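Bear in mind these aren't lab numbers, they're just calculated from the coordinates by the rules spelled out. This is a predicted model, so every value here is computed, not measured. When we count neighbours, we look across all protein chains shown, and the Cβ atoms used for this are built from the backbone with ideal geometry, even at glycine.
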Amino acid sequence: MISKFAQTGEIDLANTVNRAAKDSSLAKISVRHYDQCGAMLHILTVLQKHACSVQEMENIVLAGREACVANISFSGEKWHGHETEISAEISAHELIIDVKH
C-alpha cells in the first residue's frame, strides 16, 4: 500500500482497512474552477460557514492545467433545503466556473 502511494500518489483501496462504506445520505457537489490559488479555499470556506463537514474530496486537474473539477462529499443539515443558495455563494467567486449539486 505504501509503495503504491509513493509511486502513484493513489491509495490502494483493495488493501485499506476500516474505510467507511459509501453513504448515500451525504450531499455531493462538483465544482469546476480555475487552477489558481484560492479556489479550493473559497469552496471549503463556504462549506465550513454552513456547517458542512467534508467526508471525501478529490480535485482533478484537467488537460492544459488551467481548470480543475473538485468532487466533494459532505454532511451538513444546513445544506438540505439551501442547496441553491449555498451553490450560488460558491459560484460567486471569480475563480469558480460552475457548481453542480
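Run down the lysines and flag those whose C-alpha is under 17 Å from the C-alpha of K49, throwing out any fewer than 8 positions away in its chain.
K28, K78
So what is the 222 nm mean residue ellipticity for the chain from helices alone, if each DSSP H run of at least 4 adds -39500 (n - 2.57) and you divide by all residues, rounding to the nearest 500 deg cm²/dmol? If you can, show how the numbers build up before the last one.
Details: 3 runs with 27 residues, N = 101.
Dividing the helical sum by the residues of the chain leaves -7500 deg cm²/dmol.
Over the chain, what per residue volume does the convex hull of the Cα atoms give, in whole Å³?
For the chain, the hull spanned by Cα atoms encloses 119 Å³ per residue.
Taking GluC sites (Glu not before Pro) that fall in a DSSP loop and have at most 13 other Cβ atoms within 10 Å as cut points, what is the longest piece of the chain between them?
Working: sites that count: E10, E66, E77, E94.
Longest run free of exposed loop sites: 11-65.
Determine the sum of side-chain charges near K4: Lys and Arg each +1, Asp and Glu each -1, restricted to other residues whose C-beta is under 12 angstrom from that of K4. It would help to have the intermediate numbers written out before the result.
Values: positive: none; negative: E10, D12.
Taking every Cβ under 12 Å from that of K4, the sum is -2.
Output wanted: per-residue J couplings in Hz (rounded whole) for region 23-40, from phi through Karplus 6.51 cos²θ - 1.76 cosθ + 1.60, θ = phi - 60°, x for Gly and Pro.
With coefficients 6.51, -1.76 and 1.60, one gets 10, 6, 7, 6, 7, 9, 10, 10, 10, 8, 8, 6, 7, 9, 4, x, 5, 5 Hz.
Would you mind checking which residues have amide H under 5 Å from A67's amide H? H placed 1.01 Å from N; only 5 or more apart, or other chain.
D35, L62
Just to check I understand the Karplus step: with θ = phi - 60° and J = 6.51 cos²θ - 1.76 cosθ + 1.60, what whole-Hz values come out for region 78-94, glycine and proline as x?
5, 5, 5, x, 10, 4, 5, 5, 5, 4, 5, 5, 5, 5, 5, 6, 5
Return the FRET efficiency for the residue pair T45, T8: r is the Cβ-Cβ distance, R0 is 25 Å, and the value is rounded to the nearest 0.05. Kindly include the intermediate steps, with their values, before the conclusion.
Details: r = 30 Å, r/R0 = 1.20.
Result of the calculation: an efficiency of 0.25.
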